[in-house]
Amino acid sequence: MIDPGTHQLTATPNDVTVFQLANSIVDSEVAMLRSYEIGQRAISATQPVADLHSQQSTVMGDVVSLATSAVAREQNRIGYEIQTAMDLLDRTTIERLGQSFVIRVDVSDPSPERAADLANALIDAHLSARRETRFTNASVAETALATRVADLAINLRSVEGRIDDMLLAAAAANLAREGGVTPTQNEAVANILDHLSNERRSLFAERADLTRLLRSEATSGVNSAETLEDLHDRRAEIDEELAVLETTTANVRQQLQDFLDPDNLGPSLSLSVQRLQSEAQALREIYQDALQRWRRAQLVTPHQSQQTRILSRAVPPVKSDQPRRLYVGLVGLMASISLGVGLGLVREHVWLGVFDVDIIERTTHLPIVAVLPRVSRFDANAPQDLVRTLPACHFTEGVRRIARNLHTSPNLQRHEQKALCVLMTSSRAGEGKSTLALAYAMLEATSGKSTLLIDADLRQSALYDRLHWQMDGVETQLSDVLAGQGTMADIGNLTFCDPETGLHVLGNVTPPLETADTLLVSDRFCDLVDAARNKYDVIVIDSAPALQANDAHLLLTHADATVIAMRCGKTRLPTIQKTLLSLRQHHAPPVFGVLTFAEQASIAA
């Protein structure tokens with residue numbers, strides 16, 4: 001603790017000595033506690049470094065070898081002290097408690113006893129260093145004040161001497177104008193005054209040079225002690241000569257007092273005298289202030305070593321305050337499990353889209369019939385081509401699993417003589433709906449079933465962009481059929497047939513239509529689906545996304561099953577739940593889910 005009632009005397013580099021309350025030096029005390037010197041003292045007190053010079057050789061060896069080993073041992077000792085002191089300071093926390101005058105020292109160590117010893121050793125080393133340095137610092141400040149007082153006194157005497165010279169010169173001029181004084185006497189008086197003035201200026205200049213030389217020598221130490229003593233002796237002689245000159249000047253002033261009239265000086269001389277008198281008054285005030293500070297310093301200096309004291313020493317705990325390892329392990333295990341589950345839920349529900357099939361099925365009760373890997377439609381083998389060219393790849397196996405689940409599902413209720421009609425939709429665009437519809441239709445066609453793919457996404461048709469067929473010969477479009485062109489009896493002639501797979505496609509090549517919902521609810525579309533059921537084994541209808549248009553809801557009455565495409569990592573669970581709710585509100589047939597754009601590693605797992 002630092003006593004707030006005690007003042008501290010400090011000297012700045014400009015020889016300006018000030019007093020500071022302890023409240024403003026707490027930070028300096030903290031900095032001193034963190035210094036390397038205090039750490040080294042504490043280490044030496046708690047763990048003395050072994051005296052590497054105490055061991056004496058029993059065999060007389062080479063002198064050079066002994067000297068070399070001694071130097072090496074000394075370097076090792078210094079290196080050890082530096083390393084241990086730095087390590088101690090790294091493990092030490094020193095802080096001021098709020099705005100109080102109390103400083104707290106904490107040391108971290110595996111051994112509580114050694115931590116307490118090190119903390120106490122730091123405080124003891126700090127107090128010891130303070131006792132050694134505080135009185136010295138105060139003495140240095142007192143010496144600086146004394147030097148400052150002496151310099152001010154000399155400057156004041158110099159200015160007062162210059163004032164005397166001007167006044168005596170004016171008195172001599174008045175004496176010369178008076179009668180009864182010969183020119184020889186006037187010349188003698190003038191010579192005496194000039195001699196006094198020149199001698200005083202010369203002595204003051206020489207003394208100033210000696211003072212500067214002595215102060216520079218105090219920091220550099222170039223000259224010898226004898227030279228310094230000679231300089232001090234010469235400065236003392238100059239002070240004696242100045243005292244004699246001042247006495248002589250006082251006698252001359254007394255003799256010329258009758259001829260001195262300060263009120264009748266000339267304008268120029270009067271202005272110079274007033275300026276010097278103002279300068280002398282300012283110097284006199286500074287001198288009095290410095291003199292008072294010096295006297296106060298003489299009173300404060302004996303009490304400088306009583307500022308800091310210890311409130312309470314560090315005491316090691318009676319028992320260990322560390323928690324049991326089993327308890328820490330159990331808490332860590334529970335926290336890790338909770339964190340993992342929480343991050344998984346947040347990832348699935350908030351940040352990212354769905355990844356896990358089990359979470360989708362458990363949350364939405366939607367059966368996931370397949371997981372399709374990510375395949376770019378711009379590669380050499382587009383998704384629809386994989387069904388034909390790579391029948392054993394993951395993508396084709398996933399599409400085959402969709403077909404198997406749709407044909408064997410007990411929830412489907414359809415007449416055996418009627419075709420299976422499957423509606424493909426999604427929550428939003430970009431989730432792989434059209435690619436899934438094309439790949440599934442191609443798989444059914446290559447398996448020997450007559451298949452019709454109807455591109456009912458009249459708002460944003462994408463099927464023809466994925467087909468590598470030459471569409472220049474396509475004349476009949478779905479919108480034309482629904483508008484009344486052609487008869488449903490020859491529906492096979494209204495579609496385009498892929499020569500490689502035998503897949504029939506009916507869609508639109510023209511830009512999106514704004515009257516899509518009107519065409520899809522027309523009687524012509526119902527007749528189209530009925531005619532297709534009589535001619536084909538499988539009908540695949542690609543509709544618009546369920547949350548972006550009402551087309552999928554309008555087509556539910558024609559479908560035997562609905563398949564929702566969900567993009568892995570993009571489609572969120574709330575979106576899936578909202579899509580299912582909207583479909584079920586329109587009495588959707590059995591709904592199945594397909595997870596698209598999955599990574600190959602997750603499918604393999």
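All Cα-Cα separations within the range 491-605 were binned at 5 Å from zero, giving a P(r) of 2, 8, 17, 19, 18, 17, 11, 6, 2, 0, each value a whole percent of the pairs.
Computed with every protein chain present, the accessible area of residue 428 is close to 100 Å² [probe 1.4 Å]. Bridging of residue 535 to lysines at a Cα separation below 18 Å is possible for 418, 449, once same-chain residues fewer than 8 apart are set aside. For residue 287, the solvent-accessible surface with a 1.4 Å probe is about 50 Å², rounded to the nearest 10.
Based on protein heavy atoms only, the range 508-573 ends up with 38 Å² per residue of surface accessible to a 1.4 Å probe.
Surface calculation, 1.4 Å probe, protein heavy atoms: residue 596 sits at approximately 10 Å² accessible.
The values are calculated or read from the model by the stated rules, or taken from the named source; none is laboratory data. All values reported here derive from a predicted model rather than from experimental measurement. SASA here: full protein model, heavy atoms, side chains in, ligands and nucleic acids out. Shrake-Rupley method; radii C 1.70, N 1.55, O 1.52, S 1.80 Å.
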